[in-house]
Amino acid sequence: MIYEFDEFVLDVACVELRNHGQAVPLEPKNFDLLLLLVRNADRVVTRDEIFQQVWPGVFVTDASLSGAIKQIRRALGDDGSTQKFIKTVHGRGFRFVAEVAARGGKSTAAVAQTLPGEDAGRRPIHGPPAIAVLPFRLIGTEDSHNAIAEAVPTELIATLSRLRSIRVIARGSAFRFGPTDIDFNDIHARLGAAYVLSGSVELSGGHLSVIAELTDARNHRVVWCETFSGPLEEVFAIRQTIASAVANAVEHRVAMNEADGLLKVPSENLNAWGLYHLGVHHLYRFNGADNEKAEHFLRRAAEYDPGFARALAGLSYTELENCNLGFGSEKAKHRSQALTLAEKAVDLDPYDPFCNLVLGRAKWIHQEMDEAISWVDRSIELNPNYAFAHYNSGKLNAIICEGGVADRHVQSAMGLSPIDPHLQSMLSARALAAFVRKDADRAIEFADRSIRAPNAHLYVCIIAAAILTSYGQNEKAHFAKRKLDPLKAGFSEDHFWSLFGLRDPDRQAAMSASMGQLGL
């Protein structure tokens, strides 16, 4: 989409403001703010809406907003007295007052970057993609429950607003579009939404059925779809189930979809968010080569935007992997860097669940267990549907031998994200939780399942082999050891116990004896 006003062109695909064909320098957030005002030139955009759309979840002062407006006016050759383009509406907000012409054609630069069959409007990524949650379509005739069709998406807006990986269009704007005959091109053009969440609610004979569908508005591809159903009297429980499922679908499927679209684009054409998504694409592969690629892209993202908290948190995670899984040669340096980067990420964005989680993991490798659990639990408070945080809480609680608490958290994680890339680690955490509770059957079951899951890494194999050995499961333990042998080149017994030393002396002695039998 391209917007033209006066002698200027605002090119969304290229993330560029041009004056007579020459690029006009504009900081990333200022571009977002100008685009928001231009897209809503028919009305006043309130300060609250600006804060929500341009700086979601980040505390920004009125002075910072005024400074951004001043910089945009300067770029446009405007000022606070003339207000040729941006008018200040005192006590309300700002309005773009110049006449705007919008056209959907692609710029020359955008076309040059587009591959056959691809949509240039999705690249380069400039910031978190936006999602519009539409009112759901009501099927059925039970008028007394018509409100459910709006209650479900309203709750989804509140739930998704907790996420930091996506911007959520305000209800007042999204609900201007009806639930039928959805025009994705129009929604994308008018709201700037890359994704649309739509659905239907069917009421029949006391039974409720809800279908939710997540669509990429730029190419009309369905990214995720799910059906939820149950008795009408359980509507509140069903709404919560839907909210949890949608939050996880957005958190994972959107990231995968964005990365998939970026893999074919030369990385030099991407900015911070594009580089970040490419980094995340390699982050959870549990091998040195992918971890190195993740570090490369995340470091470039952080250099592109030094205030990008998630890029720093991702870099911290690569350092954790370098330290824990032996991908790096200087464990002490990697351990220190992991903590420094995580602390800086939280300083930049204290409300991002991923940043809080990574700080908890950094505290864990520094053997500060109580602080580690505190930061991970804060991550869950910020996003109760965050599967990865529940898994980490489960693992840490297993280590301090709170087996019941640990198992509940990992169960929640697996329920929220049943095909998670960390499934092998989740199963391992459940095995350890059962082991510290002396529940032999469950410990054996989950230990065996953990080593048969994809990407079973070094510590998954060690924990499984030790637990199976301790219960005399020789055949299964032998299988675990065969999986372990090619991975243990970087193994250090001292480092393992610094991470997984159990607080219960009896359980610690049992684990240690099993590791001795394994020759570890």
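The values are calculated or read from the model by the stated rules, or taken from the named source; none is laboratory data. Note that the structure is predicted; figures quoted are calculated from it, not measured. No Cβ is skipped: glycine too gets one built from the backbone with ideal geometry, and neighbour counts run over all protein chains shown. Surface areas here come from the heavy atoms of the whole protein model, side chains and all, with no ligands, DNA or RNA. Shrake-Rupley method; radii C 1.70, N 1.55, O 1.52, S 1.80 Å.
Please work out if residue 444 is among the β-branched types (Val, Ile, Thr) and crowded, with 24+ Cβ neighbours inside 10 Å. Here the answer is no, as residue 444 does not meet what is asked.
Of the residues 235, 201, 222, the single one that is outside any helix (DSSP H, G or I), among the β-branched types (Val, Ile, Thr) and open to solvent by 10 Å² or more (accessible area, probe 1.4 Å) is 222.
Identify all residues within the stretch 493-509 that are touching a residue at least 60 places away in the same chain (Cβ under 8 Å), of a type in the set (Gly, Ala, Ser) and over 12 Å from residue 463 (Cα atoms); write none if there are none.
In the first step, residues of the stretch 493-509 are kept if they are touching a residue at least 60 places away in the same chain (Cβ under 8 Å); the result is 495, 498-504, 507.
Remaining after also requiring of a type in the set (Gly, Ala, Ser): 498, 501.
498 - this is the single residue of the stretch 493-509 that is touching a residue at least 60 places away in the same chain (Cβ under 8 Å), of a type in the set (Gly, Ala, Ser) and over 12 Å from residue 463 (Cα atoms).
Taking the stretch 49-76 as the range and being free of Cβ contacts under 8 Å to residues at least 40 places away in the same chain and either acidic (Asp, Glu) or open to solvent by 70 Å² or more (accessible area, probe 1.4 Å) (or both) as the test, the residues that pass are 59, 62, 63, 70, 74.
Mind listing whichever residues of the stretch 163-197 are in a loop (DSSP other than H, G, I, E, B), over 21 Å from residue 253 (Cα atoms) and not small (Gly, Ala, Ser)? Reasoning before the result, please.
Step one: list which residues in the stretch 163-197 are in a loop (DSSP other than H, G, I, E, B), which gives 163-166, 169-170, 175-183, 192-194.
Now drop any that are not over 21 Å from residue 253 (Cα atoms), which leaves 170, 175-183.
Listed by number, the residues that qualify are 175, 176, 177, 179, 180, 181, 182, 183.
Of all residues in the stretch 204-219, those satisfying the criterion of being crowded, with 21+ Cβ neighbours inside 10 Å and within 19 Å of residue 235 (Cα to Cα) are 208, 210, 212. Here residue 362 fulfils each of the conditions (1) modelled with pLDDT of 95 or more; (2) open to solvent by less than 10 Å² (accessible area, probe 1.4 Å); (3) touching a Lys or Arg at 6+ places or on another chain (Cβ under 7 Å) apart from (3).
Give the residue that is modelled with the lowest pLDDT, with candidates limited to residues of the stretch 129-170 that are charged (D, E, K, R) and in contact with a strand residue (DSSP E or B) (Cβ under 6 Å, 6 or more places away or on another chain).
If we take residues in the stretch 129-170 being charged (D, E, K, R) and in contact with a strand residue (DSSP E or B) (Cβ under 6 Å, 6 or more places away or on another chain), then 142 is modelled with the lowest pLDDT.
Hey, among 380, 399, which residue is modelled with pLDDT under 95 and either more than 24 Å from residue 243 (Cα to Cα) or surrounded by fewer than 24 Cβ atoms within 10 Å (Cβ to Cβ) (or both)?
Numbers: 399 fails: modelled with pLDDT under 95.
After applying the criteria, what remains is 380.
Count of the stretch 219-236 residues, restricted to those that are at pLDDT 85 or above, more than 18 Å from the chain's Cα centre (by Cα) and aliphatic (A, V, I, L, M), is 1.
For the condition open to solvent by 10 Å² or more (accessible area, probe 1.4 Å) and in a helix (DSSP H, G or I), what is the one hit in 419, 373?
Working: 419 fails: in a helix (DSSP H, G or I).
Every option except 373 fails the conditions.
For residues that are open to solvent by less than 20 Å² (accessible area, probe 1.4 Å), more than 18 Å from residue 219 (Cβ to Cβ) and part of a helix (DSSP H, G or I), scanning just the stretch 250-275, find the one that is modelled with the lowest pLDDT.
Restricting to residues being open to solvent by less than 20 Å² (accessible area, probe 1.4 Å), more than 18 Å from residue 219 (Cβ to Cβ) and part of a helix (DSSP H, G or I), the top hit is 272.
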